[in-house]
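All of the numbers you see were taken from the coordinates with simple rules; none came from a lab. What you are looking at is a predicted structure, and each value in this text was computed from that prediction instead of being measured. All Cβ positions, glycine included, derive from the backbone under ideal geometry; neighbour counts span all protein chains shown.
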Amino acid sequence: MRQEFEKDHHHTALDRLFRYAEFLKFGEVHIKFDHATGLRAIIAIHNSKRGPALGGCRLVHYATSDDALEDALRLAHMMSLKAAISNLPHGGAKAVLLLPSHEIHDRKKYMEVFAGFVQDLNGRYITAVDSGTDTSDMNIIATITSYVSGYATANDDGNPSPYTGFGVRRGIEAAVKFRLGKDNLEGIHVAIQGVGHAGYALAKELHAAGARLTLADVNQPMLERCAAEFGATICPPNAIYDVVADVFAPCAFGSILNLETIKRLRVPIVAGSANNQLAHQHYSVVLREHNILYAPDFVINSGGLIYCAAMYAHADPAKARIQVGGLYDTLMTIFNRSHLENRSTSEIAEMIALEALR
């Protein structure tokens with residue numbers, strides 16, 4: 001969940017980040033520089049009370065290193081909540097690699113150096129795929145350290161996206177049952193924002209379940225692929241908020257739900273795979289005031305984490321799929337408690353997760 005911490009002009013950037021880490025009750029933050037490869041890496045370990053901290057490795061561009069550190073902190077915090085509410089034997093963490101302005105000339109060596117950084121933490125952090133990295137990167141990392149998940153094996157391709165998509169589909173089924181009283185997704189209209197790895201996997205799941213799809217993305221070839229495969233309607237990226245549908249599924253950027261976009265929504269349900277969908281945690285209350293049922297992001301999108309935890313434990317992928325399917329019941333519990341206690345779904349979900357972290 002997006003946690004917003006007020007900035008002021010009386011403290012340095014580092015002061016504010018320390019205060020933000022204290023606000024999120026952080027454990028530890030590690031930083032690595034490697035001049036030969038250009039690696040600039042942050043590993044934020046939020047909590048390891050339930051077990052070694054698990055979280056993806058993100059390789060993206062940031063305007064400043066302060067932005068990268070803040071992103072690592074809030075994403076690691078969310079991973080702790082996600083692992084706790086999914087009852088996993090792990091804490092939460094996140095690795096952020098600052099994408100250099102120049103091309104990474106030797107990606108293999110770059111990932112090997114990062115893997116050494118992970119190994120140096122002696123199992124306190126387990127890495128996995130995230131934005132900007134993929135299974136081929138995890139395959140490289142796995143040659144250096146065992147503290148990694150999401151790499152290819154003889155019987156599994158290591159890709160968590162189908163599990164994320166399946167979990168979001170199960171979450172949408174729960175939301176549709178609770179809000180619309182319908183037992184299946186046949187004819188349900190879903191507007192998906194973003195058809196990257198997770199968004200595509202969700203579109204595939206929803207199409208197979210009989211849903212109608214409207215899609216938006218800046219990647220035109222991917223949109224055209226989805227239109228051909230799923231018979232989906234395409235709309236301009238900014239118009240997705242105005243689509244009259246049953247479900248709005250954010251599957252791209254974080255912080256997209258704010259006062260302006262919430263007012264534009266023409267749906268009774270918001271349920272998608274994107275992380276940190278709320279620009280501020282209070283907007284979960286605003287959604288409730290607008291009579292929109294919100295599936296908390298750190299719950300509904302936890303299928304990939306559940307899969308990575310299972311693969312790290314060398315479990316059968318089929319067992320991971322069964323556990324991911326259980327997100328239906330988890331979300332139904334949250335929806336019912338939200339109604340009975342007159343609280344937003346995000347408040348209820350965070351209460352359950354924090355209780356598991358005590």
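Quick notes on this structure:
- Reference-scaled alpha-carbon Rg (2.2 N^0.38 Å with N residues) for region 1-143: 1.03
- Cross-link pairs beyond the 25 Å C-alpha cut-off, checked among 25/94; 182/204; 109/204; 82/182; 49/177; 109/319: 109/204; 82/182; 49/177; 109/319
- For the pair residue 108 and residue 157 in one chain, pulling the backbone fully straight at 0.36 nm per residue adds 15.7 nm over the alpha carbon distance.
- Considering only 235, 211, 257, the residue lying farthest towards the positive end of the dipole of region 194-289 is 257, judged by Cα position with unit charges set on Cβ.
- Sorted on the mean count of surrounding Cβ atoms within 10 Å across their residues, most packed first, peptides 58-69, 107-118 read 107-118, 58-69.
- Spatial separation of Cα centroids for region 119-133 and region 205-279, in angstrom: 30 Å
- Rh by Kirkwood over Cα pairs, then Stokes-Einstein D for region 88-206 at 1.306 mPa s and 10 °C, µm²/s: 95 µm²/s
- Extreme residue, positive dipole direction of the chain, given options 312, 196, 332 (C-beta unit charges): 332
- Cα gyration tensor shape of region 86-155, rounded if a/c is under 1.5, else prolate or oblate by comparing a/b with b/c: prolate
- Taking only the alpha carbons of the chain, we obtain Rg and Dmax values of 19.5, 58 Å in that order.
- Antiparallel beta bridges, as assigned by DSSP with both residues in the chain, represent about 35 percent of the total such bridges.
- Virtual spin-label span in nm between residue 120 and residue 229, 7 Å along Cα→Cβ: 4.0 nm
- Residues whose placed amide H lies under 5 Å from that of residue 232, excluding near-sequence neighbours: 227
- In a simple Cβ point-charge model (Lys, Arg +1; Asp, Glu -1; nothing else charged), region 123-255 has a dipole of about 340 debye relative to its Cα centre.
- Between residue 136 and residue 33, residue separation times 0.36 nm minus the direct Cα-Cα distance comes to 34.8 nm.
- The value of relative contact order for region 231-274, using C-alpha pairs under 8 Å at least six residues apart, is 49 percent.
- Dipole magnitude of the chain, debye to nearest 20 (Cβ charges: Lys/Arg +1, Asp/Glu -1, about Cα centre): 580 debye
- Each residue of region 272-288 is assigned a 3J(HN,Hα), and the resulting list reads x, 9, 4, 7, 6, 5, 7, 5, 8, 4, 5, 5, 5, 5, 4, 4, 4 Hz, derived from the Karplus form 6.51 cos²θ - 1.76 cosθ + 1.60 (θ = phi - 60°), x at Gly and Pro.
- For region 161-357, the relative contact order is 23 percent, taking Cα pairs closer than 8 Å that sit 6 or more residues apart in sequence and dividing their mean separation by the residue count.
- Straightening the chain between residue 280 and residue 101 buys 61.4 nm, computed as 0.36 nm per residue apart minus the Cα-Cα spacing.
- Rounded if a/c under 1.5, otherwise prolate or oblate - region 188-289, Cα gyration tensor axes: prolate
- Long-range HN-HN contacts of residue 50 with modeled amide H, under 5 Å: 91
- A crude spin-label estimate for the pair residue 19 and residue 336, with each label 7 Å from Cα along the Cβ direction, gives 4.2 nm.
- Here is the size of region 161-357 from its Cα atoms: Rg then Dmax, 15.7, 45 Å.
- P(r) tail, region 117-159: Cα-Cα pairs separated by more than 15 Å, 36% of all pairs.
- Long-range HN-HN contacts of residue 293 with modeled amide H, under 5 Å: 269, 270
- In Hz, Karplus ³J(HN,Hα) per residue of region 349-356 (6.51, -1.76, 1.60; θ = phi - 60°; x = Gly, Pro): 4, 5, 4, 5, 5, 5, 4, 5
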